[in-house]
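Data first, discussion second: the structure below is written as structure tokens.
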Amino acid sequence: MARRSQVRTGTPGGCLLNGCLTVLGLLLVAVVGVWIWLETQPARDEAQARKNLRENVEVLRDRLGEAAADGSLPDTEIVQVFPPSKPAKGFVGVTRQGEAVTVVAEVLGQGPPRAFIFAYERFVTGCYAFEVPPPAPGAPRPSIRELPQEACAAGAATLPGPDRRDQQSHDSK
């Protein structure tokens, strides 16, 4: 004769045992899923912050082009286009070569705010050079170049005050 299990299916004890194991198995799968989701959250937040950084750079390029549309680009207009936003410095420096202008700025990207246990938000910064070509018919379209973060960390530009003229950088050696 074949050996029978102690709890047969179809009896109240068998249903209870099978149901408990099923619920525990589903609970284990749910806990592991939530754990994986929480562990990968910082990477998703940083990706969102980098996307926001790229969008901010495009917006700043358009604003800089609008500021240069009249044919001149004084430092006071540059400062208005690149306001500082912590932890980014904003406007760092300007280099002029003839009528072409290169603006170096540190730009901020923000990830989505989180309020799970501790409130935090992911920030990323990038250092960019915005190169505005000499005035030509139509609005100039500045080009963008990403620089190493050290370029913005080392730069300390003197911003013009309200009573000073635009500052010219030392680009001739």
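For the structure I just gave you, tell me whether A151 is more than 17 Å from the chain's Cα centre (by Cα) and over 29 Å from P42 (Cβ atoms). No, not satisfied.
Go through E99, E131 for me and flag whichever is modelled with pLDDT of 90 or more, charged (D, E, K, R) and over 17 Å from the mean Cα position of the chain (by Cα). It would help to see each step written out before you state the result.
Details: E99 fails: modelled with pLDDT of 90 or more.
So the residue among E99, E131 that is modelled with pLDDT of 90 or more, charged (D, E, K, R) and over 17 Å from the mean Cα position of the chain (by Cα) is E131.
Do you know which of the residues in the range 63-95 that are open to solvent by 30 Å² or more (accessible area, probe 1.4 Å) and under 16 Å from A129 (Cβ atoms) is modelled with the highest pLDDT? That would be R63. When A136 is tested against (1) at pLDDT below 85; (2) touching a strand residue (DSSP E or B) at 6+ places or on another chain (Cβ under 7 Å); (3) open to solvent by less than 70 Å² (accessible area, probe 1.4 Å), exactly one condition is not met: (2). Screening E46 with (1) modelled with pLDDT under 85; (2) part of a helix (DSSP H, G or I); (3) not hydrophobic (A, V, I, L, M, F, W, C) gives one miss only, at (1). Taken over the range 102-123, the criterion of being at pLDDT 85 or above and open to solvent by less than 70 Å² (accessible area, probe 1.4 Å) is satisfied by T102, V103, V104, A105, E106, V107, L108, G109. Considering each residue of the range 33-43 in turn, none proves to be part of a loop (DSSP other than H, G, I, E, B), under 22 Å from the mean Cα position of the chain (by Cα) and free of Cβ contacts under 8 Å to residues at least 24 places away in the same chain. Selection of the range 40-62 for residues being open to solvent by less than 80 Å² (accessible area, probe 1.4 Å) and within 21 Å of V81 (Cα to Cα) yields A49, N52, L53, N56, V57, E58, V59, L60, R61, D62.
The values are calculated or read from the model by the stated rules, or taken from the named source; none is laboratory data. Because the structure is a prediction, the values reported are computed rather than measured. Please note: Cβ atoms are built from the backbone with ideal geometry, for glycine as well, and neighbour counts cover all protein chains shown. For accessibility, only protein heavy atoms count, side chains too; no ligands or nucleic acids. Shrake-Rupley method; radii C 1.70, N 1.55, O 1.52, S 1.80 Å.
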